[in-house]
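Nothing in this text is a laboratory measurement; each read-out follows from the coordinates by a stated rule. Keep in mind the model is a prediction, meaning the values are calculated, not measured. Glycine gets a Cβ as well: all are built from the backbone with ideal geometry, and neighbour counts include every protein chain shown.
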Amino acid sequence: MTRKLYIFILGLLMAIPAAKVEAGNPDRQGEGGAPQLLMNPWARSAGFHAMNTSMVFGVESMHLNIAGLGRINKTQFLASHGIYLEGTNINTNSFGFAQRIGKGGALGVSIMALDFGDIPVTTTEQPEGTGATFSPRFFNLGLGYSYTFENHVSVGFLFRSISESIADLSGSAFAVDAGVQYVAGEKDNFKFGISLRNIGGRMQYKGEGLSFSSSIPLGSGSYNLASNRRAAGFELPSLLNIGLSYDFLIGSAARLTPLGNFTSNAFAQDQIGGGLEFSFKEMLMLRGGYLTSVGATAEGTPEQSLYSGLSAGVTLDVPVKKDAPNGTRFGIDYGYRASTIFGGTHNVAIRLSL
């Protein structure tokens, strides 16, 4: 692939957001829907505050930058559990699978579901509760593909189905993600990434929960009339990530990687931040990051976004057989993200790489 084609791919992905994603605008905060699309369920990237756009790979790339999907040896399985905003009793459960196909292609599938627990049913007549409970069903399913050209440029696209429902009300939508990663340097030290996420149509709730019956007087009597309220539609929370990183190799066993990332949100303030990862023999990795909202410290500007401040994480990734370090590997990840409300988000994951 020629250098002109590299430039064309990067330019294309940078041009698309100009038509689809507006600059960060806190005045639009709360107008977008499907907030589950902004939840990062994976532990490794959580330790970076999900700022590793340039270096994410494998299954985790399907929630950050789909271009990194194929940067695995052959096959990867990943399962994760998260405590979302500790104190809310909301949990996330996720599973993903990635498989190299052909010379440079990769195919992946991921699913994320939210667990809200049992919520008491209340009505206008019984505001203290009816004794019954319900649990919303929120999940999204993604199918992604990426292709790597000469190990330097990788591009990817992902199609995602979103579903949110309770017993008598539901809403669904489809979204598309696109991304690119560029790797350069004598030992592939420099990495650059762009991703555009959650581009799709409007989402609208429908169902029997929006209908009601009323009594219409007619002469000396009345009759019942069933009516249906129409719920307003809402847009998906589109965003654009731009990130870069550089690997500083320390001898033959250690690596130190600083990274930076900028996020342009369609329905919230833009965010910028950086992180650092230390790796020993690619088996033990310690990472941390700091994220802040652009302009949040200026007088008269809104407060910080939900995720602001520090993040931290650790990874243990070891070969199953000591005499085959490049063979099957088993990994455990943990990540923590500080939040402006509640007690932050915890994620833990297990990974099998073949």
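In whole angstrom, note down how far apart the Cα centers of region 85-99 and region 127-187 are. So the separation of the two Cα centres works out to 12 Å. Coupling constants for region 251-268 follow from the phi torsions by the Karplus curve (6.51 cos²θ - 1.76 cosθ + 1.60, θ = phi - 60°), and in residue order they are x, 9, 10, 10, 9, 10, 10, x, 8, x, 8, 10, 10, 9, 9, 6, 10, 7 Hz; glycine and proline get x. Here the Karplus relation 6.51 cos²θ - 1.76 cosθ + 1.60, evaluated at θ = phi - 60°, turns the backbone of region 79-94 into coupling constants of 10, 9, 10, x, 9, 7, 6, 3, x, 8, 6, 10, 10, 10, 10, 9 Hz, with x for every Gly and Pro.
The residue list S305, G207, T92 was ranked by how far each Cα lies along the charge dipole of the chain toward its positive end, using unit charges on Cβ atoms, and T92 comes out on top. Measuring r between the beta carbons of E208 and L316 and using R0 = 41 Å, the FRET efficiency lands at 0.25. For the chain, the relative contact order comes to 20 percent (Cα pairs under 8 Å, sequence separation of at least 6).
Treating only the Cβ atoms of Lys and Arg (+1) and Asp and Glu (-1) as charged, compute the dipole magnitude of the chain about its Cα centre; round to the nearest 20 debye. List each step's numbers first, then the result.
Details: 26 positive and 26 negative charges, 278 e Å.
For the chain, the charge dipole is close to 1340 debye.
Helix 3-20 axis versus longest C-alpha principal axis of the chain: approximately 20°, rounded to the nearest ten.
Calculate for the chain the 222 nm mean residue ellipticity that helices alone would give, adding -39,500 (n - 2.57) per DSSP H run of length 4 or more and normalising by residue count, nearest 500 deg cm²/dmol. The partial results should precede the final answer.
Values: 2 runs with 22 residues, N = 354.
Value at 222 nm, helices only, nearest 500: -2000 deg cm²/dmol.
Sequentially through region 116-130, phi angles give Karplus couplings (6.51, -1.76, 1.60; θ = phi - 60°) of 8, x, 9, 9, x, 7, 10, 9, 5, 7, 10, x, 8, x, 8 Hz, Gly and Pro residues having no value and appearing as x. Using alpha carbon centroids, what distance separates region 211-246 and region 48-73, in Å? Value for the Cα centre distance between the two parts: 36 Å. The mean sequence separation of alpha-carbon pairs under 8 Å and at least six residues apart, normalised by the residue count of region 40-88, gives a relative contact order of 33 percent.
Tell me the Kirkwood hydrodynamic radius of the chain in angstroms, computed as one over the mean inverse distance between distinct C-alpha pairs.
Details: mean 1/r = 0.0458 Å⁻¹.
The Cα-based Kirkwood calculation yields 21.8 Å.
Placing a label point 7 Å from the Cα of L141 along the Cα-to-Cβ direction, the residues of region 100-118 whose backbone N falls under 14 Å from that point are 109-113.
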